[in-house]
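Trainee: Please find one structure pasted underneath; my questions will follow.
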Amino acid sequence: MFKGKPTRVIITGLAKEEFEDLNKIVGEEIAKGITHSDHQILLNSIKQKIELLKNNPEYGIHVPKDRIPKEYIKNYDVNNLWKVNLAGAWRMIYTIRGSEVEIISLILDIMNHKDYEKKFRYKK
C-alpha cells in the first residue's frame, strides 16, 4: 500500500526483454554450477529494487521533465519518469501510473550506464 492504495510493478517493453534475457543467462549459469556472477548480482539488484517500488513507487530519483527522452513520451505516453540505480552502474527506468484504485510502477528500460548517458543526453 502506498498513500492508501495497492501498488503493482509491471515490466514492459525493452525492460521486459532485458529482464527475460538476464533470467535465462542466470538460469544457464546456475545449471553449470556458477553461483556468483555479474549477471546474478544484477538480477538480484533488479528484484530487490522491484520490491522497494512495491512499497514506495517514489523510491527512485525523479528525472526532470526536460530530460525525458521523446521515445518514452511517444511509446508510453510518459509525463513522469524515475530512475533507480542498480548494481554494476546499471539503471532501471520507470514511470508511475495511478488511478482511484491502484498505483502502478511501469518499468520501461533496464540499461547499462553508457546506454543511459546516451539516451538521456548526458554525454555527447
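No lab work stands behind these numbers, since they all come straight from the coordinates. Keep in mind that what you see is a predicted model, and the values were worked out from it rather than measured. Note: ideal-geometry Cβ built from the backbone for every residue, glycine included; neighbour counts use all protein chains shown.
Trainee: What is the dipole size for the chain, taken about its Cα centre, with +1 at each Lys and Arg Cβ and -1 at each Asp and Glu Cβ, in debye to the nearest 20? Walk me through the numbers on the way to the answer.
Mentor: Details: 22 positive and 17 negative charges, 105 e Å.
Dipole magnitude for the chain comes out near 500 debye.
Trainee: Using packing as a proxy for protection, rank 38-47, 102-111, 25-34 so that the peptide with the highest average count of other Cβ atoms within 10 Å comes first. Before the final figure, lay out the partial values.
Mentor: Values: 38-47: 16.5, 102-111: 21.7, 25-34: 11.9.
Result, highest mean Cβ count within 10 Å first: 102-111, 38-47, 25-34.
Trainee: Okay, moving on. Once both labels are modelled 7 Å past Cα along the beta-carbon direction, what's the Met1-Arg121 spacing in nm?
Mentor: For the pair Met1/Arg121, the computed spacing is 4.2 nm.
Trainee: For each of Glu117, Glu18, Glu100, Glu51, count neighbouring Cβ atoms within 10 Å of the residue's Cβ, then give the residues from fewest to most.
Mentor: Details: Glu117 14, Glu18 20, Glu100 5, Glu51 10.
Taking fewest neighbouring Cβ atoms as first place, the list is Glu100, Glu51, Glu117, Glu18.
Trainee: So if each residue of separation counts as 0.36 nm, and I subtract the Cα-Cα distance between Ile30 and Asn112, what length gain in nm does that give?
Mentor: Details: separation 82, 0.36 × 82 = 29.52 nm, distance 2.28 nm.
Here the answer is 27.2 nm.
Trainee: For a paramagnetic label modelled at 7 Å from the Cα of Glu102 toward its Cβ, which residues of segment 1-35 fall within the zone defined by backbone nitrogen distances under 13 Å?
Mentor: Label zone hits: 1-2, 5-11.
Trainee: Which one of Ile34, Leu22, Thr12 has its Cα pushed farthest toward the positive end of the charge dipole of the chain, where Lys and Arg give +1 and Asp and Glu give -1 at the Cβ?
Mentor: Positive-end residue among those listed: Thr12.
Trainee: Report ³J(HN,Hα) in whole Hz for each residue of segment 26-38, in order, from the Karplus equation J = 6.51 cos²θ - 1.76 cosθ + 1.60 where θ = phi - 60°; Gly and Pro get x.
Mentor: Result, ordered by residue: 5, x, 5, 4, 5, 4, 8, x, 7, 10, 8, 8, 4 Hz.
Trainee: If you don't mind, another one. Sort Arg121, Arg67 so the one with the fewest other Cβ atoms within 10 Å of its own Cβ comes first.
Mentor: Values: Arg121 10, Arg67 13.
By the 10 Å Cβ count, ascending, the order reads Arg121, Arg67.
Trainee: Tell me the label only: which of (1) 15.1, 47; (2) 25.1, 80; (3) 18.1, 55 is Rg and Dmax of the Cα atoms in Å as calculated from this structure?
Mentor: (1)
Trainee: What is the chain's relative contact order, in percent, from Cα pairs under 8 angstrom and six or more apart in sequence? Mind dumping the intermediate values first?
Mentor: Details: 178 pairs, mean separation 40.7, N = 124.
Once normalised by length, the contact order is 33 percent.
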